[in-house]
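The next block holds one structure in the form of structure tokens; read it before the comments.
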Amino acid sequence: MLKDLVVKSRSYRGYDESRRITEQELLELVDCARFAPYSVNGQPFCYLLLHEKEDTDRLQPLTGWAKALPGMKLPHPGKCPTAFIVICQNTEWDSNLSRYLRDVGAVAQTMLLAATEMGLGGIMIGNFSPAKVSEAMKLPDTIVPMLIVAFGKPDEKIVLTEVSSGESIKYYRDDQDVHYVPKRKLEDIVIRANAEKYDK
Ligand SMILES: Cc1cc2nc3c(=O)[nH]c(=O)nc-3n(C[C@H](O)[C@H](O)[C@H](O)COP(=O)(O)O)c2cc1C
């Protein structure tokens, strides 16, 4: 069921480094992203694939993880992702970098769901400097990094919890390194049209 896949597809920050991801697997993910929706069907993205260790080692230090846990350096040593896809915009196809900011999320989530179905996992990383990534990866000026997605075989426990409105939605870890992600309840996020009609 799609919902099971969506629930299983969490943002993982710990991976089994012995399970390298292949280029073929990354190509399958991009082949799914290719069919995502795009505003005015613009399709301005291209995808930098990194799966060799020397390449992932070069990108890893340029990515920021778990800003909400400032005392913790994640991933823990030896638990880094084994592949990255850098979603880039080709400005020769469309130079407007703000036009497709929503589309980037649809593309990234499509790849994460596909990875989950393949028994893998990942995380979107927005905390990076496009200029530094471009320089490190020797990208031409026309190819602009928009969002990074890390992939690997998840090697950590994540627990979803439900919070009532007014409670904290900050993610946290316990002393066993279990990662908890509070989600708002269905009843707290739905706005019904004509609500006053149903309240009677
Ligand atoms: C657009 C976007 C950018 C994100 N960037 C980062 C990031 O730079 N570093 C990080 O550790 N997590 C990042 N995340 C992951 C979120 O922290 C994560 O989605 C959130 O904590 C909820 O956890 P869940 O995805 O398991 O539900 C990002 C998520 C999204 C949607």
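Every number in this text was worked out from the coordinates using simple rules, so none of it is lab data. These numbers were taken from a predicted model, which means no experiment stands behind them. Every residue, glycine as well, gets a Cβ built from its backbone with ideal geometry; the counts of neighbours run over all protein chains shown.
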Could you tell me which numbered condition LEU113 fails, if it satisfies all but one of (1) more than 11 Å from the ligand (Cβ to nearest atom); (2) aliphatic (A, V, I, L, M); (3) under 23 Å from GLU54 (Cβ atoms)? (3)
Candidate set: the stretch 39-66, residues that are in contact with a helix residue (DSSP H, G or I) (Cβ under 7 Å, 6 or more places away or on another chain) and farther than 20 Å from LEU120 by Cα; chosen: the one nearest to the ligand (Cβ to nearest atom): LEU62
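Identify, please: which residue in the stretch 83-125 is part of a loop (DSSP other than H, G, I, E, B) and under 15 Å from LYS8 (Cα atoms) and is, among those, nearest to the chain's Cα centre (by Cα)? Working first, answer last.
So the first thing to find is which residues in the stretch 83-125 are part of a loop (DSSP other than H, G, I, E, B), and the list is 91-100, 118-120.
When the remaining residues are screened for being under 15 Å from LYS8 (Cα atoms), the result is 118-120.
Values: MET118: 16, GLY119: 16, LEU120: 13 Å.
The extreme case among them is LEU120.
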Those residues of the stretch 131-169 which are over 29 Å from GLU117 (Cβ atoms) and within 13 Å of the ligand (Cβ to nearest atom), in sequence order: SER168
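Could you say which residue among ASN90, ASN96 is surrounded by fewer than 19 Cβ atoms within 10 Å (Cβ to Cβ) and either over 26 Å from LYS138 (Cβ atoms) or without any contact (Cβ under 8 Å) to a residue 40 or more places away in the chain (or both)? Full working, then the answer.
Working: ASN90 fails: either over 26 Å from LYS138 (Cβ atoms) or without any contact (Cβ under 8 Å) to a residue 40 or more places away in the chain (or both).
That would be ASN96, the only listed residue that is surrounded by fewer than 19 Cβ atoms within 10 Å (Cβ to Cβ) and either over 26 Å from LYS138 (Cβ atoms) or without any contact (Cβ under 8 Å) to a residue 40 or more places away in the chain (or both).
What's the total number of residues in the stretch 78-102 that are under 20 Å from GLY42 (Cβ atoms), within 12 Å of the ligand (Cβ to nearest atom) and not aliphatic (A, V, I, L, M)?
Applying the first criterion (under 20 Å from GLY42 (Cβ atoms)) to the stretch 78-102 yields 85-102.
Within this subset, residues satisfying the condition of being within 12 Å of the ligand (Cβ to nearest atom) are 87, 101-102.
Right, trim to not aliphatic (A, V, I, L, M) and you get 102.
The qualifying residues number 1.
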The condition from (1) closer than 27 Å to VAL181 by Cβ; (2) surrounded by fewer than 17 Cβ atoms within 10 Å (Cβ to Cβ) that TYR15 misses is numbered (2)
State yes or no: is LEU69 among the hydrophobic types (A, V, I, L, M, F, W, C), in contact (Cβ under 8 Å) with a residue 12 or more places away in the chain and either outside any loop (DSSP other than H, G, I, E, B) or within 14 Å of the ligand (Cβ to nearest atom) (or both)? yes
